[in-house]
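K.L.:
I have a structure here, written as structure tokens, and I will follow up with some questions on it.
The values are calculated or read from the model by the stated rules, or taken from the named source; none is laboratory data. Since this is a predicted model, take the numbers as computed values, not measurements. Neighbour counts run over all protein chains shown; Cβ positions are idealised from the backbone, glycine included.
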Amino acid sequence: MNQQTERRKRILSGIQPTGTFTLGNYIGAVRNWAKLQDEFECLYMVADLHALTVRQVPAELRAHTREAAAMLLAAGIDPAQSILFVQSHVPAHTQLNWILCCNSQFGELSRMTQFKDKSAKHPDNVNGGLFTYPALMAADILIYNADLVPVGQDQTQHLELARNVAQRFNNAYSPTFTLPEGYITKAGAKIMSLADPTRKMSKSDTNVNSFVLMTDDKDAILRKFKRAVTDSDGIVRYDVAEKPGVSNLITIYSVFTGKTVAEIEQEFAGRGYGDFKTAVGEAVADALAPIQGEYSRILADKAYVDKVLTEGAAAACRIADRTVQKVYKKVGLLQL
Ligand code: AQP
């Protein structure tokens, strides 16, 4: 095969509309998605079905879903290049999910650390969806025969399960699914909570000072960084074990200024945390301002967002429905 006829590798990635995106979501995921569009065939999904594993307020989930799409567009996802869609708009995901649930073992699902973590976090709602979540995630990926899945460290176990289930299905029936590989972007740093730098920054955190939202204005951003938990030695030095708060701020500052850790340590040598926190806040606010402008403009045009999502769902369905038909046939479901 020559360069022209070779199919570009396909990427699938998703984000849950469980709240407004944080700086963590942006740095770890969304920021990189736009950059992947030139090289890969990309499918980006607002994972509203996954969001249901935790109780949601229906009106908020609806609003967050449209907002998520608008934010992805504002962050540079180009619907002319990539397929942007909402998971529940492509029913084939749940159709394949059932088949994959029937090909996943209780033991392997029980070993998932996210299940254990989320069960501990929501002891009053340890539901079946939380348990079978990795089978739906496998369906999300396998239904498009995605080659690559950009994942953080926290998702590698789920991706491994998707590969195992795909392999099992291919062996039991016939080659059907591409075995997906993880695509770890170097820039996909893990951003920690500003209130507790040993935990990751999360959009559903109940402490509003723990995260910076993509929609926070400059005052809120500066205030949150000023309050960020650091330590008492007053030295701007990168040391995750000893100085997790300061190290987290260095990472964020580095992402938005392009400066290295050494340059940052040098820049703030002998200056204390006040100056440093202000500089981080300013850098973040400056970087988010143009995205926020785009976001407001796009979100105000509901018809445009819905048109993108309608076209995205149609394009995704065209690929996904074919896979499901093939799978249904292979497992012996009667086709009329
Ligand atoms: N703190 C983070 N640092 C770097 N990357 C992060 N991601 C999330 N938090 C950070 C990445 O964002 C993408 C989408 O995540 P998700 O919405 O599917 O679920 P999540 O990882 O559970 O994100 P949150 O914000 O923590 O959501 P909630 O609070 O609902 O659980 C993923 O690629 C993730 O790695």
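K.L.:
I need the full set of residues from the range 3-20 which are within 11 Å of the ligand (Cβ to nearest atom) and in contact with a strand residue (DSSP E or B) (Cβ under 7 Å, 6 or more places away or on another chain), in order please.
P.N.:
Result: Ser13, Gly14, Ile15, Pro17, Thr20.
K.L.:
Right, another one. State the number of residues belonging to the range 141-158 that are assigned to a helix (DSSP H, G or I) and modelled with pLDDT under 95.
P.N.:
Going through the range 141-158 one residue at a time, the tally reaches 6.
K.L.:
Hey, any hits in the range 234-250 for a residue that's part of a helix (DSSP H, G or I), modelled with pLDDT of 95 or more and of a type in the set (Phe, Trp, Tyr)?
P.N.:
Scanning the range 234-250, I find no residue that is part of a helix (DSSP H, G or I), modelled with pLDDT of 95 or more and of a type in the set (Phe, Trp, Tyr), so the answer is no.
K.L.:
Of all residues in the range 171-191, which are crowded, with 16+ Cβ neighbours inside 10 Å, more than 15 Å from the chain's Cα centre (by Cα) and not in a loop (DSSP other than H, G, I, E, B)?
P.N.:
Those that are crowded, with 16+ Cβ neighbours inside 10 Å, more than 15 Å from the chain's Cα centre (by Cα) and not in a loop (DSSP other than H, G, I, E, B): none in the range 171-191.
K.L.:
A follow-up question, please. How do the helices (runs of 4 or more DSSP H) wholly within the range 255-333 filter down when requiring 3 or more residues that are under 25 Å from the mean Cα position of the chain (by Cα): which remain?
P.N.:
272-300, 302-331
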